[in-house]
1. With the requirement that a residue be within 16 Å of the ligand (Cβ to nearest atom), surrounded by 10 or more Cβ atoms within 10 Å (Cβ to Cβ) and of a type in the set (Gly, Ala, Ser), what does the range 9-61 give you?
2. Looking at this structure, is Glu110 under 18 Å from the mean Cα position of the chain (by Cα), surrounded by 11 or more Cβ atoms within 10 Å (Cβ to Cβ), in a helix (DSSP H, G or I) and not basic (Lys, Arg)?
Amino acid sequence: MMIKACVICGKEFQNYHPQAVSCSSAECRHELKKRQCRRHYAANSERVNARIRQYVSNNREKVRKRAKAHYEATRDQVSTRSRAYYAENRERLLRQQAERRISNHDQIIERERSWREANRERIKKQRHEHAVAHREEKRKYNREYSAANRERIRQQQRDRREAKREEHDAYQREYAKKNRERINARSREYDRQKRLAFRALKELGLLSTVGE
Ligand SMILES: [Zn+2]
């Protein structure tokens, strides 16, 4: 047993264990443990990460369940804290995110692609539910947006049409060819209605000649 200075708070203490380096206060013991963990991780991060990955892939269901339970138990606390943290560090976090995206670009794109691939059905369902839930809102927004930007949108459409005129003409020719029957039927029906209307007018004596 000897007197030492605590490596955390600096106060002197009597060590009952020869290897003790911190005093016995809860704060110092906690802080010491944290520092040791950090040091250990810094020196062995590759090995530790490999072991974690291994554990997660062996216990996927268990890990997922536990993470979900933890998330649900601490949701409010965590979201308050992370909102505050985000507000305080917004600039730095955004910059970090951008840098990370740039330096891991291909990897991130690939990961997102494979995630979308794996969750295609779920994404589709969610998107549909969201669209249904926000339909009115969305319509209102669209109306307001197009009213506010009418001229710009029209100009854009004109420019686009101009740029794609050839393509557009070809598309229209193709469309007419494909839908010839339908278009012809519609125009026959239009003519028929017009004839009937003229006949009715004539029978009522409102028209002297039938303009067929
Ligand atoms: Zn201490």
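1. Correct list: Ala20, Ser22, Ser24, Ser25.
2. yes
Only the coordinates and a few stated rules stand behind these numbers; no lab work does. These numbers were taken from a predicted model, which means no experiment stands behind them. Backbone-built Cβ (ideal geometry, glycine too); neighbour counts: all protein chains shown.
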